[in-house]
1. Do you know which residues across segment 73-94 are under 16 Å from the mean Cα position of the chain (by Cα), part of a helix (DSSP H, G or I) and not aliphatic (A, V, I, L, M)?
2. Pick out the one residue from Val14, Val51, Val9 that is farther than 17 Å from Asn208 by Cα and of a type in the set (Val, Ile, Thr).
3. Hey, any hits in segment 47-57 for a residue that's free of Cβ contacts under 8 Å to residues at least 40 places away in the same chain and small (Gly, Ala, Ser)?
4. Among the residues in segment 99-112, are any loosely packed, with under 13 Cβ neighbours inside 10 Å, of a type in the set (A, V, I, L, M) and more than 23 Å from Asn27 (Cβ to Cβ)?
5. For a quick check of your reading of the model, give me the residue pairs whose first member lies in segment 174-185 and is under 13 Å from Val14 (Cβ atoms), whose second is aliphatic (A, V, I, L, M) and assigned to a loop (DSSP other than H, G, I, E, B), with beta-carbon atoms closer than 8 Å and at least 6 apart or on different chains.
6. Residues of segment 198-223 being open to solvent by 10 Å² or more (accessible area, probe 1.4 Å) and modelled with pLDDT under 60, which ones?
7. Filter segment 58-71 down to the residues that are crowded, with 16+ Cβ neighbours inside 10 Å and in contact (Cβ under 8 Å) with a residue 40 or more places away in the chain and list them by number.
8. Return the residues of segment 1-32 that are open to solvent by less than 70 Å² (accessible area, probe 1.4 Å), among the hydrophobic types (A, V, I, L, M, F, W, C) and over 16 Å from Ser186 (Cβ atoms); say none if nothing qualifies.
Amino acid sequence: MNPDQLSRVTLAKVEKAEAKYHARGYNSTYEEVYKACFRERLITNPDKDSVLRLTKFVNSWSNRTRYSTLPHLEAVLSSHTKTNDHLRDVRLEGDSLESGSLDAVQSVFQELSSVKHFGPTGASKYLGVIQPQLCVMWDVPIRKVYGYSEKAPDYADYLVKMRKLALRLLADAGRRGITDPADNISQKIGIRVSYTLATLINHYVWVNVTMPLQKRNTPISTQHEQVK
């Protein structure tokens, strides 16, 4: 699926994608790190234990992060507590997403990406957990579809593209009398926590781009594989 096809997003298409995502068991591990108390630690006081837990999570999605990188990842998050605290009030679909916020999230992304043996996929997964109301994860196939360089991918630009999808989803839901499509879909699918619009857009793109490239009967332990 190409970007033009993905841009034809509707409430029904996102709900269908989330149902596929949920049926494969992908939400079970995600819900554990989606809790507000855990995200609060990562934003205000990212210590060794919280960074280890986050890294184990992204590794369960085949990120293959070396544990020798943990002190470096912890240092990056610790140096950006003020930035992450500011970004928690910025939503992908909100009016407060402007150049300053995009520059801020790009700064955190670049520093995480520069950690050796981590890279842009791991950085987006970290941010997708820490700032689920704003950040959309990506991987190699998604970057290829959207034409981003692997050496220095423009994550802020990707968020702008994902914002357009989120706004189109909101508009389609509004025409159907649904003011909160994220909560509506979360309840219909039976997700224990109410996902954000950014998270649902994340799953919508991944299901339509990356999942078709995976081999059939891929075990859950290799979910979100960076298909190359």
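1. Going residue by residue through segment 73-94, those that are under 16 Å from the mean Cα position of the chain (by Cα) are 84, 87-88, 90-93.
Retained after the next criterion (residues that are part of a helix (DSSP H, G or I)): 84, 87.
Listed by number, the list holds a single entry, Asn84.
2. On the way: Val14 fails: farther than 17 Å from Asn208 by Cα; Val9 fails: farther than 17 Å from Asn208 by Cα.
Exactly one residue qualifies, and that residue is Val51.
3. Of all residues in segment 47-57, those free of Cβ contacts under 8 Å to residues at least 40 places away in the same chain come to 47-53, 55-56.
Restricting the remaining residues to those that are small (Gly, Ala, Ser) gives 50.
Among the residues of segment 47-57, at least one is free of Cβ contacts under 8 Å to residues at least 40 places away in the same chain and small (Gly, Ala, Ser), which makes the answer yes.
4. No: zero hits.
5. Final answer for the pair search is Asn184/Ile178.
6. Passing the criteria: Lys215, Arg216, Asn217, Thr218, Pro219, Ile220, Ser221, Thr222.
7. Those that are crowded, with 16+ Cβ neighbours inside 10 Å and in contact (Cβ under 8 Å) with a residue 40 or more places away in the chain: Val58, Ser60, Trp61, Ser62, Asn63, Thr65, Thr69.
8. If the condition is that a residue be open to solvent by less than 70 Å² (accessible area, probe 1.4 Å), among the hydrophobic types (A, V, I, L, M, F, W, C) and over 16 Å from Ser186 (Cβ atoms), then Leu6, Val9 are the ones that fit.
The values are calculated or read from the model by the stated rules, or taken from the named source; none is laboratory data. Everything numeric in this text was worked out from a predicted model, so none of it was measured. We place every Cβ from the backbone using ideal geometry, glycine too, and count neighbours over all the protein chains shown. Note: areas computed on protein heavy atoms with side chains; ligands, DNA, RNA excluded. Shrake-Rupley method; radii C 1.70, N 1.55, O 1.52, S 1.80 Å.
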